[in-house]
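The values are calculated or read from the model by the stated rules, or taken from the named source; none is laboratory data. Just so it is clear, the structure is predicted and the values come from calculations on it, not from any experiment. Methodologically, a virtual Cβ is constructed for each residue, glycine included, from the backbone with ideal geometry; neighbour enumeration extends over all protein chains shown. Calculation scope for accessible area: heavy atoms of the full protein, side chains included, ligands and nucleic acids excluded. Shrake-Rupley method; radii C 1.70, N 1.55, O 1.52, S 1.80 Å.
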Amino acid sequence: MTNHAPDLTLLAGPAAMSQETLAAMSRQVCHPDDPEFRAGFRHAEEMAAELMRAPGQVILMGGEAVLGLEAAARSLVRPGQTRALNLVSGPYGRAMGRWLRDFGADVGELEVPFNEAVAPGAVERYLDQHPQTGLLTVVHCETPCGTVNDLACIGPAARARGVLTLADCVSTLGGMPVETGHWQLDVVVSSPHKCIGGPSGMSLVSVTDRAWAAIEANPAAPRSSYLSLLDWRDRWHGTGQFPYTPFTAAVRGAAAACAQVLEEGLEACIARHAAAARACRAGADAMGLALWPASPDVTADCVTAIQVPAGLGHEAVRERMRDRYGVATSPDPGIANLVRIAHMGPAATGLHAVTGLMALGRALADLGADVSIGAGIEAALDVLAAAAGPQCAAR
Ligand SMILES: *Cc1c(COP(=O)(O)O)cnc(C)c1O
């Protein structure tokens with residue numbers, strides 16, 4: 001047990017923040033009616049909508065992304081009436097299914113092993129065989145697994161059949177394309193604390209007019225509640241009053257982080273995440289380690305999930321990485337003995353990935369595994385050297 005802070009934070013959320021974001025969060029509090037704060041809040045919403053490529057309104061709820069997800073699910077489910085299809089390719093999808101059932105939906109599920117993604121063809125077949133389905137829920141990147149579901153196919157398939165979608169894009173926004181409009185997604189929930197590089201404690205929720213109509217028509221949709229999307233729309237977007245007092249530091253941190261991504265350019269930011277992930281995958285492979293995702297086409301760019309060799313436990317490996325080498329990674333929530341190197345926000349650079357790999361490789365070697373650390377690092381650096389453009393964060 002050590003009590004020093006890690007030198008390098010490679011968590012799969014909250015991601016490390018830039019100095020500029022940290023500085024924005026350290027400003028004095030103000031009343032939510034302060035005109036500068038109000039203007040900043042509106043600007044943050046506009047930036048979030050731009051990043052989400054959302055045609056409709058985006059609501060910034062004060063509360064970790066779980067709040068936005070629960071609020072959206074509760075708003076869309078009509079107890080005893082809603083038939084939902086929930087896609088399960090990891091723990092977040094499984095948790096959504098529990099919520100939907102709790103809220104009174106009749107839930108069908110398509111579940112795949114947690115190293116795979118749900119095939120869009122299977123979704124189409126299910127929806128054709130179950131035409132009463134009114135709601136489809138899907139997680140974009142299952143962060144604990146490092147896998148992605150194909151929202152570009154699943155969104156339009158649902159829309160074509162008149163099915164509303166609720167997509168959890170918490171860990172992909174800013175790190176992989178999230179095309180809310182083009183993919184015809186009705187409600188998208190995200191957060192600043194992953195690839196945007198902002199603080200935790202905020203939910204970004206985009207809602208189409210079709211989804212608002214369904215929510216308004218739902219007598220069970222929360223009102224006068226912390227979970228209410230309608231309160232945010234009618235009060236903040238309507239009369240200009242906040243439903244509750246926003247956490248000023250989180251709002252300012254989210255705004256600063258969104259502004260930095262837009263300044264860098266969303267596409268450049270996504271390309272930076274992709275390059276870091278490519279380097280990490282090549283390095284892990286050359287080190288002799290196996291990735292967890294079953295195939296390259298289901299592998300996410302915001303986090304690389306690597307299997308710990310047989311005979312060793314992920315807890316000991318992570319502890320060694322942190323305590324001896326100062327590299328913090330997120331725990332495996334019981335998937336399959338994995339260590340994850342995240343590529344999120346300012347930490348999504350090639351050398352962050354390389355440093356993560358070095359710490360992982362050496363921790364494994366210290367614990368007795370046979371790994372080719374040097375070969376892994378060279379392979380990762382080769383990817384970076386061959387990549388187009390600088391492989392560093394904008395700041
Ligand atoms: C991070 C994350 C959330 C938010 O949940 P926390 O575990 O509280 O951070 C929701 N969905 C996905 C896919 C996430 O990666």
Extending each Cα 7 Å along its Cβ direction at ASP128 and HIS43, get the distance between those two points in nm, one decimal.
5.1 nm
Rounded to the nearest percent, how much of the accessible area of segment 266-347 (1.4 Å probe, protein heavy atoms only) is carbon and sulfur?
51 percent
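Could I get the Rg over Rh figure for segment 298-390? Both from C-alpha atoms, Rh via Kirkwood, rounded to two places. Let's see the in-between values first.
Details: Rg = 13.1 Å, Rh = 13.7 Å.
Here the Rg-to-Rh quotient is 0.96.
Which percent of the Cα-Cα distances in segment 1-70 go past 16 Å? Present the calculation step by step, with values, prior to reporting the outcome.
Values: 1688 of 2415 pairs.
In whole percent, the long-distance tail amounts to 70.
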Estimated vicinal HN-Hα couplings, Hz - segment 255-262 in sequence order (Karplus 6.51, -1.76, 1.60; Gly, Pro = x):
4, 5, 5, 4, 4, 5, 5, 5
Using alpha carbons only, what's the Rg to Rh ratio of segment 103-157 with Rh from Kirkwood?
0.96
Can you give the Kirkwood hydrodynamic radius of segment 95-198 from its Cα pairs, in Å with one decimal?
14.2 Å
Segment 58-137 - Rg and Dmax from Cα coordinates, angstrom:
13.1, 39
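For the chain, what is the mean residue ellipticity at 222 nm derived from helices alone (per DSSP H run of n ≥ 4: -39500 (n - 2.57); sum divided by total residues; nearest 500 deg cm²/dmol)? Write down the numbers at each step before the final one.
Numbers: 12 runs with 159 residues, N = 395.
The per-residue figure over the chain is -13000 deg cm²/dmol.
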Residue-wise HN-Hα coupling along segment 228-242, computed from phi with Karplus coefficients 6.51, -1.76, 1.60 (Hz; x: Gly, Pro)
8, 6, 5, 4, 5, 5, 6, 8, 5, 6, x, 8, x, 10, 6
Over what distance in Å are the Cα centres of segment 141-162 and segment 114-135 separated?
10 Å
Taking Cα centroids, how far is segment 14-32 from segment 307-365 in Å?
27 Å
As an exercise, use a Förster radius of 35 Å and the Cβ-Cβ distance of ARG83 and ASP297 to find the FRET efficiency, rounded to the nearest 0.05.
0.70
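Once you keep just the Cα pairs under 8 angstrom separated by 6 or more residues, what percentage relative contact order results for segment 79-139? Intermediate values should be presented prior to the final figure.
Working: 94 pairs, mean separation 29.9, N = 61.
Reported as a whole number, the value is 49 percent.
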Solvent-accessible area of HIS182, probe 1.4 Å, all protein chains present, reported in Å² to the nearest ten, please.
140 Å²
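How much length, in nm to one decimal, is gained on full extension between SER372 and ALA213, taken as 0.36 nm per residue of separation minus their Cα-Cα distance?
Values: separation 159, 0.36 × 159 = 57.24 nm, distance 5.69 nm.
Extending this stretch completely gives an extra 51.6 nm.
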Dimensions in Å of segment 210-348 - Rg and Dmax from alpha carbons:
21.1, 60
On a C-alpha basis, how far is the centre of segment 205-240 from the centre of segment 43-100 in Å? Whole number, if you could?
12 Å
Put a dot 7 Å past each Cα toward the Cβ at CYS30 and ALA249; how far apart are the dots in nm?
1.8 nm
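Give me the orientation-averaged projected area of the Cα convex hull of the chain, in nm², one decimal. Let's see the in-between values first.
Details: hull surface 75.6 nm².
In nm², the orientation-averaged hull projection of the chain is 18.9.
Taking every DSSP beta bridge that has both residues in the chain, what percent is antiparallel when rounded to the nearest 5?
Values: 19 of 39 bridges.
Of those bridges, close to 50 percent are antiparallel.
Using a probe radius of 1.4 Å on heavy atoms only, what accessible surface per residue do you get for segment 234-359? Whole Å² is fine. Walk me through the numbers on the way to the answer.
Values: 4520 Å² over 126 residues.
With the other protein chains kept in place, segment 234-359 gives 36 Å² per residue.
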Gyration tensor verdict on segment 1-157 (Cα atoms; rounded if a/c is under 1.5, prolate if a/b is larger than b/c, oblate otherwise):
prolate
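Within a Cβ distance under 10 Å of GLY313, other residues only, what is the Lys/Arg minus Asp/Glu net charge? Working shown, then result.
Working: positive: ARG318; negative: GLU315, GLU319, ASP332.
Here the count lands on -2.
Suppose the chain between ARG161 and ASP285 were pulled fully straight at 0.36 nm per residue; how much longer would it get relative to their current alpha carbon spacing? Write out the running numbers ahead of the final one.
Values: separation 124, 0.36 × 124 = 44.64 nm, distance 4.13 nm.
Extra length available between ARG161 and ASP285 comes to 40.5 nm.
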Return the single residue from GLY93, GLY240, GLY326 with maximal mean-square fluctuation; model: Gaussian network over the chain, springs between Cα atoms under 10 Å.
GLY240
Average accessible area per residue (Å²) across segment 1-140 - probe 1.4 Å, nucleic acids and ligands excluded
48 Å²
Compute the relative contact order of the chain as a whole-number percentage, counting only Cα pairs closer than 8 Å that sit 6 or more residues apart in sequence.
23 percent
Helix 266-287 vs. the chain, principal-axis angle (Cα, 0 to 90°, nearest 10)
40 degrees
